[in-house]
2 protein chains.
Amino acid sequence: MKSRESVLVVGSIAFDDLEMPTGSFRDVVGGAATYSSLAASLLAPARLVGIIGDDFAESQLATLRDRGVDTEGVERVAGGKTFRWSGRYAPDLMSRVTLDTQLNVFADFRPKIPASYKGSRFVLLGNIHPALQLDVLSQVERHPPPHGLVAADTMNFWISGEPKLLADVLRRIDLLVINEEEARELSGIHNVARAAADIRARGPKQLIIKRGEYGALLFDDAGTFFCPGYPLEEVIDPTGAGDTFAGGLIGYAARHGDASPRTLRKAMFYASALGSFCVEDIGTRRLAAVGPSELAARIDAFSRLVDYGGSLAITQ
Amino acid sequence: MKSRESVLVVGSIAFDDLEMPTGSFRDVVGGAATYSSLAASLLAPARLVGIIGDDFAESQLATLRDRGVDTEGVERVAGGKTFRWSGRYAPDLMSRVTLDTQLNVFADFRPKIPASYKGSRFVLLGNIHPALQLDVLSQVERHPPPHGLVAADTMNFWISGEPKLLADVLRRIDLLVINEEEARELSGIHNVARAAADIRARGPKQLIIKRGEYGALLFDDAGTFFCPGYPLEEVIDPTGAGDTFAGGLIGYAARHGDASPRTLRKAMFYASALGSFCVEDIGTRRLAAVGPSELAARIDAFSRLVDYGGSLAITQ
């Protein structure tokens, strides 16, 4: 067993204004990097690089630190305002529309990796401009799998708007974590299995394609692996579930100091379990309250969800 | 281990006219009971009850018999025409529209269970009028799980049109196999886990909710179980995949003479594997050609798809 390693998360920190079927919620602490680092911190030391304005209270940073997130890399811009996203969800929570986006200080975000972070073997590049993702990679040491992992997220906006820079990113990362629609747009291929082969040929040897509540597929040199979504009786707010998944995944790998196919398969369950907690309340509320025993109980329930008795042999 | 039992399948036998992205195909042998019985016959003796017209060639029935399907229960109506369905699929095969439905002899279908079939311990009631499903149940002996199983399919048309008769059916079956949309319509509940609890309270102790290519959930007294869809590189024709799933499931249970939670969990993989074969060619072509070694190989690949190493324990 390898020693526990740290996770470096780079990405957005935000305030979200949410119009949910259950009501309106303003100034909800959010942002992809917030969700990812909180999830990772449940499993390994997490280091956060992001940017905030004056309006992000010191006590709100302290809440992250209390969960084990190192916030030395969070830059505060005096006189600036934190990135703000406003959205409205459909009654069934299956879709959402963006009502307003105020980039604020995030518009000039140039990630600066603190010296104490540069040795991080496990790096999660959140969904930011591919040029910034490349800039982060130029600032950190590289530790290829299985002893380290560089994972990245992206989105349709960069797939269509910055294809060349994104292609550069793909050549330099180990693991891409995207959703099904993004995989189709990136590859131009509808079939998920063939889209995965196309994307892996562009660089990342490891690829995870998320299918929302249905689960996620992992494609790597060991083959294809599927982990379902955990079936919940109540979903309150899907915001950040995908970022939580990515953070949980890399957190589990960092905890074991290992990004091998074997460990990533187990990591998928932790990623999915943490994603299932995330959606049970508004913003990061539920995620921030999860304790080790709660996590262990859900992992246990998860293992029963997929336990078929260990053998699929047929009676002849 | 219990002895191998037979599967009785009651439902539609049809000719399908298919407009697929890959071309048009006419007079394709189809119908839910055809797919289900073919799938079941790969695992256990299958008995088919349905109705056909003069246009259904004896050689086409012989093809079913060659695969191990007993066709004594197939009624031929002299001077009649076989049920015909015509549909067009979207380019991505994710949706389809019905172009034409000619019920023909199926309009007057009154299932007559041959004496030799009445002892069948494993019964699959295809998606027919609930009154006919009840009529079948009045003709067969009942063998409750785990030593027998009565499974049924239904559809939105009966959920909205025949709620009282369908409620009767639900009280008299062991297992309901429906898709996600049908589960929502039947229960009036969007959330799948809560919809499942609602439906199980209406009768069937066992419930499978199919999620198309994503997989299927089983809800029973042992808890919740998930089996993914097998990720295919090429899908040609999704027609009959759900019926194949149901037939494979009950076929596996019948082969082991056991409808216990443990056996049904394994059966889900056989159901899903056979469904994945089904969609690889037009109509029943691929399904009818699957041999035991091919099936074993896909089950083997399937077990790798979900193999996470047997333990989800965390390093402390």
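Looking at (1) within 14 Å of another protein chain (Cβ to nearest Cβ); (2) closer than 22 Å to B:Val9 by Cβ, find the lone condition where B:Leu134 falls short. Looking at each condition in turn, B:Leu134 falls short on (1). Checked against (1) buried (at least 24 other Cβ atoms within 10 Å of the Cβ); (2) outside any loop (DSSP other than H, G, I, E, B), B:Leu18 passes all but condition (1). Selection of segment A:224-241 for residues being over 15 Å from the mean Cα position of the chain (by Cα) and open to solvent by 30 Å² or more (accessible area, probe 1.4 Å) yields A:Thr224, A:Tyr230, A:Pro231, A:Glu233, A:Glu234, A:Val235, A:Ile236. Quick one: is B:Gly11 under 17 Å from the mean Cα position of the chain (by Cα) and either closer than 29 Å to B:Leu93 by Cβ or surrounded by fewer than 18 Cβ atoms within 10 Å (Cβ to Cβ) (or both)? Considered against the rule, which asks whether it is under 17 Å from the mean Cα position of the chain (by Cα) and either closer than 29 Å to B:Leu93 by Cβ or surrounded by fewer than 18 Cβ atoms within 10 Å (Cβ to Cβ) (or both), B:Gly11 comes out as yes. Checking each residue in segment B:36-58 for being acidic (Asp, Glu) and surrounded by 22 or more Cβ atoms within 10 Å (Cβ to Cβ) picks out no residue at all.
Taken over segment B:1-20, residues that are modelled with pLDDT of 95 or more and within 14 Å of chain A (Cβ to nearest Cβ) amount to 1. Taken over segment B:242-278, the criterion of being facing chain A (nearest Cβ under 10 Å) and among the aliphatic types (A, V, I, L, M) is satisfied by B:Leu264, B:Ala267, B:Met268, B:Ala273. Counting only residues that are open to solvent by 10 Å² or more (accessible area, probe 1.4 Å) and farther than 23 Å from A:Asp307 by Cβ, segment B:242-263 holds 2 of them.
Hey, could you check segment A:182-210 for residues that are part of a helix (DSSP H, G or I), of a type in the set (A, V, I, L, M, F, W, C) and open to solvent by less than 60 Å² (accessible area, probe 1.4 Å) and say which is nearest to the other protein chains (Cβ to nearest Cβ)?
First, the residues of segment A:182-210 that are part of a helix (DSSP H, G or I): A:182-187, A:192-201.
From what's left, of a type in the set (A, V, I, L, M, F, W, C): A:183, A:186, A:192-193, A:195-197, A:199, A:201.
Applying the additional criterion that residues be open to solvent by less than 60 Å² (accessible area, probe 1.4 Å) yields A:183, A:186, A:192-193, A:195-197, A:199.
Details: A:Ala183: 12, A:Leu186: 16, A:Val192: 6, A:Ala193: 5, A:Ala195: 10, A:Ala196: 8, A:Ala197: 8, A:Ile199: 14 Å.
Among them, the one singled out is A:Ala193.
Of all residue pairs spaced 6 or more apart or on separate chains, those with beta-carbon atoms under 9 Å, a first member in segment A:9-21 that is farther than 16 Å from A:Ala246 by Cβ and a second member that is surrounded by fewer than 23 Cβ atoms within 10 Å (Cβ to Cβ) and modelled with pLDDT under 95 are A:Met20/A:Leu93; A:Pro21/A:Pro91; A:Pro21/A:Asp92; A:Pro21/A:Leu93.
Under the condition of being charged (D, E, K, R), over 20 Å from B:Arg184 (Cα atoms) and within 9 Å of chain A (Cβ to nearest Cβ), the residues counted in segment B:211-241 number 2. Is it fair to say B:Arg26 is out of contact with any Asp or Glu (no Cβ under 6 Å at 6 or more places or on another chain) and open to solvent by 10 Å² or more (accessible area, probe 1.4 Å)? Considered against the rule, which asks whether it is out of contact with any Asp or Glu (no Cβ under 6 Å at 6 or more places or on another chain) and open to solvent by 10 Å² or more (accessible area, probe 1.4 Å), B:Arg26 comes out as no. Scanning segment B:77-89 for residues that are under 23 Å from the mean Cα position of the chain (by Cα) and either crowded, with 17+ Cβ neighbours inside 10 Å or among the small types (Gly, Ala, Ser) (or both) gives B:Thr82, B:Phe83, B:Arg84, B:Trp85, B:Ser86, B:Gly87, B:Tyr89.
I need the full set of residues from segment B:180-198 which are in contact (Cβ under 8 Å) with a residue 24 or more places away in the chain and more than 18 Å from B:Leu166 (Cα to Cα), in order please. B:Val192, B:Ala193, listed by residue number. Taken together, the residues in segment A:291-305 that are free of Cβ contacts under 8 Å to residues at least 12 places away in the same chain and either touching a Cys at 6+ places or on another chain (Cβ under 8 Å) or more than 10 Å from chain B (Cβ to nearest Cβ) (or both) amount to 3. Here B:Asp281 clears all of (1) surrounded by fewer than 18 Cβ atoms within 10 Å (Cβ to Cβ); (2) more than 8 Å from every other protein chain (Cβ to nearest Cβ); (3) within 28 Å of A:Arg265 (Cβ to Cβ) except the condition numbered (3). Looking across segment A:211-223 at every residue that is farther than 21 Å from A:Glu19 by Cβ and among the charged types (D, E, K, R), the one that is most open to solvent (accessible area, probe 1.4 Å) is identified as A:Asp221.
Would segment A:144-159 turn up any residue that is touching a Pro at 6+ places or on another chain (Cβ under 7 Å), over 18 Å from A:Val9 (Cβ atoms) and outside any helix (DSSP H, G or I)? Within segment A:144-159 (the criterion being touching a Pro at 6+ places or on another chain (Cβ under 7 Å), over 18 Å from A:Val9 (Cβ atoms) and outside any helix (DSSP H, G or I)), the answer is no, since none of the residues qualifies. In contact (Cβ under 8 Å) with a residue 40 or more places away in the chain and touching an Asp or Glu at 6+ places or on another chain (Cβ under 6 Å): is that true of A:Ala259 in this structure? Judged against the criteria, A:Ala259 is not a match. When the residues of segment B:284-316 are filtered to those that are open to solvent by 40 Å² or more (accessible area, probe 1.4 Å) and of a type in the set (D, E, K, R), which remaining residue is nearest to A:Arg298 (Cα to Cα)? Taking the candidates together, the pick is B:Asp307. Any residue in segment A:224-252 that's charged (D, E, K, R): show its pairings with residues that are in a strand (DSSP E or B) and surrounded by fewer than 24 Cβ atoms within 10 Å (Cβ to Cβ) at Cβ separation under 7 Å, as long as the two are six or more apart or on different chains. From residues that are charged (D, E, K, R), the pairs are A:Asp237/A:Leu18; A:Asp237/A:Met20.
In segment B:59-75, the residues that are open to solvent by 80 Å² or more (accessible area, probe 1.4 Å) reach residues that are assigned to a loop (DSSP other than H, G, I, E, B) with C-beta atoms within less than 7 angstrom, at least six apart or across chains, in these pairs: B:Glu72/B:Pro114.
The values are calculated or read from the model by the stated rules, or taken from the named source; none is laboratory data. Worth saying up front: this structure is predicted, and the values here are computed from it rather than measured. Using ideal geometry, Cβ is built from the backbone for each residue, glycine included, and neighbour counts are taken over all protein chains shown. SASA here: full protein model, heavy atoms, side chains in, ligands and nucleic acids out. Shrake-Rupley method; radii C 1.70, N 1.55, O 1.52, S 1.80 Å.
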